[in-house]
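Rule-based calculations on the coordinates, nothing more; no lab input. None of the values given here were measured: they were computed from a predicted structure. Counting neighbours? That spans all protein chains shown, and the Cβs are built from the backbone with ideal geometry, glycine included.
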Amino acid sequence: MTTAPTPLAKPLLRVRGLAKRFGGNVALAGIDFDLAPGEILALIGPNGAGKSTTFNALNGQLLADAGTVELSGQSLLGLSPQAIWALGVARTFQVAQTFASMTLLENVQMALLSAKSGLFQAWESVHTMDTLEAHDLLRQVGLDELSDQVAKNLAYGDVKRLELAMALASKPRLLLMDEPTAGMSASERLVLMGLIRDLTHQPQDPSRAALSVLFTEHSMDVVFGFADRILVLSSGQIIAQGSPSEIAQNPLVQQSYLGASFQYPNARPRA
């Protein structure tokens, strides 16, 4: 069973018929969905549903067998991850990707250097770069006071916030987040996702394009507390999509993933 995408006037991301097989295994069976500018969209489902395959196809790490993926009307399929990144698509990973031996400021400076030159130039000193933008990015994620600390000494929740600052260095229009709160405490999850919500719904830099977020997540407090819409994958197909309240009450989603006893949160941590 598949569901029609929610109609959006001008979607930032438009996915149609995205399909991928691995031998005899159908990982994606032709999924359709849209993502609006400034929207936070959660992609959930049981293990093996096709979530990682979807991310890897959108990011250029996997070549889809069929379908179309367009970012503001520009096709992404067949492009390298570097080319897709250059078009405004950033990604964070379940295991944070940072430079452990560098300070927080140096980590963000390296990300800025990559964004401005198109590649990491390790032989060029990051200290020659203007630090104002790096400090501003750290401030946006609440880490500017720790800018001189070495990344390996951070608490894990702060490492994830540093990774977010680095992802924002390229001024992306679309941020793909794979299990952004994995390994974090409940309080750390709320802090990180609150930052994501503020960056999309209350951007601090009006010169930036609206940031859209697509994320996968197993913590349902995060999904139902912060997503504007939810897509539910099962066996490579989208079986439901809608608002958090609609998904929580969907019998098919309850049967295949959430369970009949799932209770939709009474109070969502909205701004």
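Applied to the stretch 210-226, the Karplus parametrisation 6.51 cos²θ - 1.76 cosθ + 1.60 on θ = phi - 60° returns per-residue 3J(HN,Hα) values of 4, 8, 10, 10, 10, 9, 9, 6, 9, 7, 6, 5, 6, 4, 7, x, 10 Hz, with x for Gly and Pro. Phi-derived couplings, Karplus 6.51 cos²θ - 1.76 cosθ + 1.60 at θ = phi - 60°, listed residue by residue for the stretch 47-53: 4, x, 6, x, 5, 5, 5 Hz, with x used for Gly and Pro. On the beta carbon distance between THR131 and ARG21, with R0 = 41 Å, the FRET formula returns roughly 0.30. A cut-off of 5 Å between modelled amide H atoms, ignoring neighbours fewer than 5 places along the same chain, links GLY45 with LEU233. Taken one residue at a time, the phi angles of the stretch 100-105 give Karplus couplings (6.51, -1.76, 1.60, θ = phi - 60°) of 4, 8, 9, 6, 4, 4 Hz. Gly and Pro are set to x.
Cβ crowding within 10 Å ranks LYS51, LYS10 as LYS10, LYS51, fewest other Cβ atoms first.
The label-point distance for LEU252 and SER219, in a model that sets each label 7 Å from Cα toward Cβ, rounds to 2.9 nm. Legend: ranking of residues SER212, SER245 from fewest to most surrounding C-beta atoms inside 10 Å; resulting order SER245, SER212.
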